[in-house]
Structures are given as structure tokens and as C-alpha cells.
Amino acid sequence: MKNQKTWSLVLVASVILMVTMGARQSMGLFLSPLNTHTGLGIANISFAMAVAQLVWGAVQPVFGAVADRWGPGRVIVLGAFMLAAGSALTTQVTSQWGLIFAVGLLSAAGAGAGSFSILIGATAQRIPAERRSFAGGVINAGGSLGQFIFAPLNQAVMSAYGWMSAMWMMAVVALTTAPMAWWLRKTPVPATTAASSVDAITLRQQLGIAFRDKSYWCLHAGFFTCGFHIAFLVTHMPGEVDLCGLSPGVASTSLAIIGLSNVFGSLFAGAMGSRVRMKMILFWMYASRVVAIVLYMAAPKEPWTFYVFAAALGVTWLATVPPTAGLTGKLFGARYLGTLFGLTLLSHQIGGFLGAWLGGVAVVQTGSYEWMWWADAALALAAAFVNLPIREAKPAERLATA
């Protein structure tokens, strides 16, 4: 019965993430309509979306710390209303500062309050260590499913009723996460007391330990690149498709394929986390992105190219989250996982800010995204190798120690 309740919490967390990530990962589809509506220009709108990437990451450790202390329920409810308000307000603003407030601050902070660090941190504290990786994969798959569902759904609503109707739809959907917070309302109790000496330390002490650990900074460096890569693609994939003379449907379909592929990639990464070293999972994920980008650059720009490229990237898209969160938990325990993993997400979103913003700058200055693709490939290669020095025992050794 207890096991059934635990996994019902994982399911609820995955549904919440499905909504918040579905809203975030569909924003690139609104770039062109917002430009037509406001006349602000691609670079300025890209900057507002880049601010959203940064804010989404910046609130993760803050909300994670609040959830670690008082439970995630209040945080999720607050996020639901902020995301809904930001989505609704986006339909009314016409200035850059208004767009930065609606999209870059309000919506982004709301989505961050119902995102990885809060949801994975809350469930990890209720689950035995050997099952946390798979649980993280299930939750992460929910976020990917959100992209698969909402990217084509938003495109369909935009085509039929206009972009404002699609944005209002997302505002209403965001509110559905508020009642789900009831299931996660209580302050979590650690799943095991075996590491009571670790659980007894304060947050400040835990942060001091983490900041002195080179492995923790290696996780930050790799995740920075992941954020650059994802934000660039999710913001500028529609622009790349348009530059190739293809229909907007190719972009929404590609984003949906990425989401669907990542459902399987996330579940696979979560399952493999208890069998092989997670740093090796991260190494091969980042290395595969280099290959995918180089092959995309060499291929003719036809619809099938985007679909194959999306499927290849989708396998690793956000599948980096379960091993990154899992390594954070292994290194420092689950007590302050919401805060510590939230800080890695901040690094992820600093990269995301640069990916979204520089993509807009590149296309305005050069008329294409070519140099961004090569920068993305170079960063992915660096991320692959920066994970190798992370200290991580083999799975068999961890089980023996336990």
C-alpha cells in the first residue's frame, strides 16, 4: 500500500511537470506571432525569452529551498497562478518591458515553481535511494510528454483561432496544477534514516560541502551546455524552419517528435542509472548531440531532415535530468536535493539565456543560425568530457557499501 502511494506521488509530479514544461517548451512557436503583434523585432523578443530561461533557472534553488523547508505544495500552487497570470498578460502587452515582465518574469517563475528541482526533490525524499533514478526518469518523461502534446496543440489552436487563443488556453491549463499540489502538500520525510548524520546538517553546511566539491562543479558545467542547447532549439527551431522555406507545421511537428522521443530517453536514462555510472550516461548523451548536429548541418534541409534530427536529439533532450539529479543525490544525499539540484538548474538556465538570446542576435546579424550550430556542437563536445572527472562509484560498489 505504501509503495502504491509513493508511485502515485511520482505520477502526480509527472503530470504537473507535463503542464509546466509543455508551456515552456512551446514558447518558440509564439516568437513570430509576437513579432507581428508587437513589432518589437526578433532580437528583442528573443531577449525576453532569454530572460525567461534565466529566471526559470534562478527561481529553482529558491523555490527548492522553500519546498525543502515547508513542503512543495504551497510552491506549486503559487506557481500555477503565476504561470496562468503570465500567459494571460502576454496577450495584452506591446512593449519590450511588458513582454519581459509577462514572459520573462511571471510565466517563467510560475513554471519554475512546478519544475524539476521541486518535484524530483520532493519525491526523492520519499523513495529509497536505489529507486530514485527511475522515479526521476518517470517524472522527466512527464515533462517531455508535455512538449509532445502542447507543441502541436498550440500550433493547431494558433492556426484555427489565433495565437492569443492558444495563450489563453495555456493559462487555463496552468491552473489545473494547483489542485494537484494537495498530494504533495506535506513537508516530506526522508525515505531512510540510515544517513541521519547527513540529514542533521544545516542547509548552509551542505552548501559549503557542495561548493568545495569539484564533481559538483563538473555537473554545473555540463548542465550549462545542456541549457544552451535546449533553449536555442526550442526558441529558434521555428525560425530555422522558416529560413529553410518550410511550413510552421514542420517546426511544431519537430518539437512534438523531440518530446515523444525524450519520453523513451528519460525512462531509459532513469532505468540505466541504477546499473551503470551516471557520469557515463551523461558522457554518451552529450557526445551523441555532437554527431546529430554535424549530420544535420551536412543534410539537405527537407522536412524529413528536421524529423530525423528531432528524433535523434529527443532521445537525450531532457534525459540529462535524471542522471544529473541522481548524481547530485548520490554525492550529497536527498535532504537538500531540491536546493542543490536547483542550483545546477540555475547553471542550466544561464546557458539557456545565452542560447535563446544569441540565437536571435545571430539571425539578425548574419541572416542565419550557422555559427550557433557550430558553437552548440563545440559546447556539447566539451560537456561530454567535463563529466568524466566526476567521482562516482560503480553501481555494484554502491550496493555493497549500502
If contacts are Cα pairs under 8 angstrom and at least 6 residues apart, what is the relative contact order of the chain in percent?
29 percent
With the charge dipole of the range 249-402 built from beta-carbon charges (+1 for Lys and Arg, -1 for Asp and Glu) about the Cα centre, the Cα from 372, 268, 296 projecting farthest to the positive end belongs to 268
The relative contact order of the range 217-318, taking Cα pairs under 8 Å that sit 6 or more residues apart, comes to a percentage of 40 percent
Diffing the range 323-328: the Karplus 3J(HN,Hα) column from phi (6.51, -1.76, 1.60, θ = phi - 60°), in whole Hz with x for Gly and Pro, holds x, 5, 5, x, 5, 4
Per residue solvent-accessible surface (Å²) - the chain, probe of 1.4 Å:
39 Å²
Accessible surface ranking that places the most exposed of 268, 306 first, with a 1.4 angstrom probe:
268, 306
Which of 330, 214, 279 is most accessible, then next, and so on - probe 1.4 Å:
214, 330, 279
Consider just the alpha-carbon atoms of the range 321-394 and return their Rg together with their Dmax, both in angstrom.
16.0, 48
Accessible surface of residue 302 - all protein chains present, 1.4 Å probe, nearest 10 Å²
90 Å²
Carbon and sulfur: what percent of the chain's accessible surface (1.4 Å probe)?
70 percent
Between residue 370 and residue 7, Cβ-based FRET efficiency (R0 41 Å, step 0.05) works out to 0.35
Which order, highest average first, do 174-184, 48-58, 87-97 follow once you tally other Cβ atoms within 10 Å for each residue and take the mean per peptide?
48-58, 174-184, 87-97
Please list 347-360, 240-253 highest first by mean number of surrounding beta-carbon atoms within 10 Å per residue.
347-360, 240-253
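The values are calculated or read from the model by the stated rules, or taken from the named source; none is laboratory data. Please read all numbers here as calculations on a predicted model, not as lab measurements. Virtual Cβ from ideal backbone geometry, glycine too; neighbours counted across all protein chains shown. Remember, those area values only see protein heavy atoms, side chains included, never the ligands or the DNA or RNA. Shrake-Rupley method; radii C 1.70, N 1.55, O 1.52, S 1.80 Å.
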